[in-house]
1. Would you pick out the residues in region 258-271 that are touching a residue at least 12 places away in the same chain (Cβ under 8 Å) and more than 16 Å from the ligand (Cβ to nearest atom)?
2. Determine, yes or no, whether ASP60 is in a strand (DSSP E or B), of a type in the set (Asp, Glu) and more than 15 Å from the ligand (Cβ to nearest atom).
3. Only one residue in LEU351, LEU318 is open to solvent by less than 50 Å² (accessible area, probe 1.4 Å), within 17 Å of GLU460 (Cβ to Cβ) and at pLDDT 95 or above, so which one is that?
4. Select from region 272-315 the residues that are touching a helix residue (DSSP H, G or I) at 6+ places or on another chain (Cβ under 8 Å) and within 16 Å of the ligand (Cβ to nearest atom) and write down the one among them that is most open to solvent (accessible area, probe 1.4 Å).
5. Taking PHE94, is it over 23 Å from PRO193 (Cα atoms), crowded, with 21+ Cβ neighbours inside 10 Å and in contact with a helix residue (DSSP H, G or I) (Cβ under 9 Å, 6 or more places away or on another chain)?
6. What single numbered condition from (1) within 16 Å of the ligand (Cβ to nearest atom); (2) in a strand (DSSP E or B); (3) free of Cβ contacts under 8 Å to residues at least 60 places away in the same chain fails to hold for TYR39?
7. Would you be able to tell me the number of residues in region 75-91 that are open to solvent by less than 30 Å² (accessible area, probe 1.4 Å) and within 16 Å of the ligand (Cβ to nearest atom)?
8. How many of the residues in region 397-415 are closer than 25 Å to TRP465 by Cβ and touching a Gly at 6+ places or on another chain (Cβ under 8 Å)?
Amino acid sequence: MSPNYQERFRPRFHFSPQQNWKNDPHGLIYHADEYHLFYQHHAHDSVWGPMCWGHAVSADRVTWQHLPIAIAPDEIGGIWTGCVVDDRRNTSGFSADGALVAVHSYEDQSVGLAYSTDRGRTWQRYPGNPVIPSPGGNFRDPQVFWWEESQRWHMAISCEQSIHFFASVDLRDWQKTGEFTAAMGKDAPWEVPDIFYFDLGEQRHWVLLVSMKGAPAGGLGVRYFVGEFDGQTFHTQDELAEDGWLDFGPDNYAGSTWKDTPDSRRVYLAWMNDWRYAESVPTQVWRGAATIPRELELVETAQGFRIIQRPLSELKQLRGNKNQWRHTSIAAGENLIANIRGNQYELCLQLRPRAATEVGLHVLKGCNCELDIRYHTQQETLSVNRMNSGQVGFHGDFPGIASSKINLLGETLSLQIFVDHSLVEVFANQGEAVISMQVFPDEDGEGLAVYARGGDAWLESMDFWRMKSIWETVD
Ligand code: FRU
């Protein structure tokens, strides 16, 4: 089958596999001038099953080249989520010239290794697998990093509702050094940790990401903790911050960040889905996509540390034809831009609610469907509602409304919105909050409207860019 990336609902500028199932992106690393993206993949079906590592590479994290499956199930079992490290010092002894080493979960919840000496093109299994046997129960998704201070490898790995830490000098022999847990997300296993740091002035702050249940939109999400790593474990003072979630929408899970990047940006990619309905979403040929890459930044606010997210700036290269509006009143009940249609675009707005009690947009709007993005001035809340967005009945947990508290900056709400056929990401106030959502509109769901309710609002500016496809075979 030669996929053309033009199937109904197929995203054109988000990564998705050529065919069949995808869940977590992982093994994100920059090596020899390439960004690697591996992902949980079922090679023969569009539902979850025996997992192998799908693989793609990119020069810019925007356009991707698919490569053959990197690691397939072996006699121990399916290859679950993990990471890739560059063992350039040959601590593992796998290759005098250094090797990329994949440290991954097996489906039996043990940890295994595979290595590559040809820029990730072919992978050898370590014959001594597993390197950490299963302790029983849920134990998975190792995330490994080299720490100069200890001259050792450190691993964060989820174990039931906690993160365990291990250390090793050679990636083969691991000793447990500590555990971290917190009060939330206690009714399902924690998954897919990632750990890294930001230097703010003289101060180093470590960030631990954990995918878990209990997210603001009601299902799964990615929680972040800001604290310290002392070589043994992670500590934090502020685990109770209620809004320490990377996303307020339902579709952002199992996210992690690129290692060894040539610049200091910390860039995040997640699976744009939720396990509750992931196998039922109405796509054909492929199922499961990644978010757009997002640059993470740690900022200190009056409420404590927060992570803000911005779309990777390289995405601007996809901007095509532009329409713009400036200084326009939006009368209550008026549909401001009835003449624009599309399902593949980026939109940047500066909106002043003024007298309106609600101001917002309908995207992917047809006669009987719309995705409603709305700011409620009294509640100071931004909500994205997919209750009437087209196909919603394939799973009881799919229809819903996601919201986030947003304070206006001055009197202005700033929104940056990416619409890509079945994927919508809304960045509010320069990345202070993000709401990510899948949506499956009707055939005619290509309309766009800006509206005000309860009084007139003001559109300071709106820029609309058609976005190009990242797949060469398309258009
Ligand atoms: C997260 C996850 C991981 C696991 C993988 C299996 O979505 O459940 O914990 O390793 O998916 O595909």
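The values are calculated or read from the model by the stated rules, or taken from the named source; none is laboratory data. As the structure is a prediction and not an experimental result, all values here were calculated from the model. Using ideal geometry, Cβ is built from the backbone for each residue, glycine included, and neighbour counts are taken over all protein chains shown. Surface areas here come from the heavy atoms of the whole protein model, side chains and all, with no ligands, DNA or RNA. Shrake-Rupley method; radii C 1.70, N 1.55, O 1.52, S 1.80 Å.
1. Step one: of region 258-271, the residues touching a residue at least 12 places away in the same chain (Cβ under 8 Å) are 258-262, 265-271.
TRP258, LYS259, ASP260, THR261, PRO262, ARG265, ARG266, VAL267, listed by residue number.
2. On the way: in a strand (DSSP E or B): no; of a type in the set (Asp, Glu): yes; more than 15 Å from the ligand (Cβ to nearest atom): yes.
Judged against the criteria, ASP60 is not a match.
3. On the way: LEU318 fails: within 17 Å of GLU460 (Cβ to Cβ).
Just one listed residue meets the conditions, LEU351.
4. Once the filter is applied, the top-ranked residue is ARG287.
5. Working: over 23 Å from PRO193 (Cα atoms): yes; crowded, with 21+ Cβ neighbours inside 10 Å: yes; in contact with a helix residue (DSSP H, G or I) (Cβ under 9 Å, 6 or more places away or on another chain): no.
So PHE94 does not fit the description; no.
6. (3)
7. Quick first cut of region 75-91, residues open to solvent by less than 30 Å² (accessible area, probe 1.4 Å) only: 77-79, 81-87.
After this cut, where a residue has to be within 16 Å of the ligand (Cβ to nearest atom) as well, the list is 77-79, 81-84.
Residues meeting the conditions: 7.
8. Count: 1.
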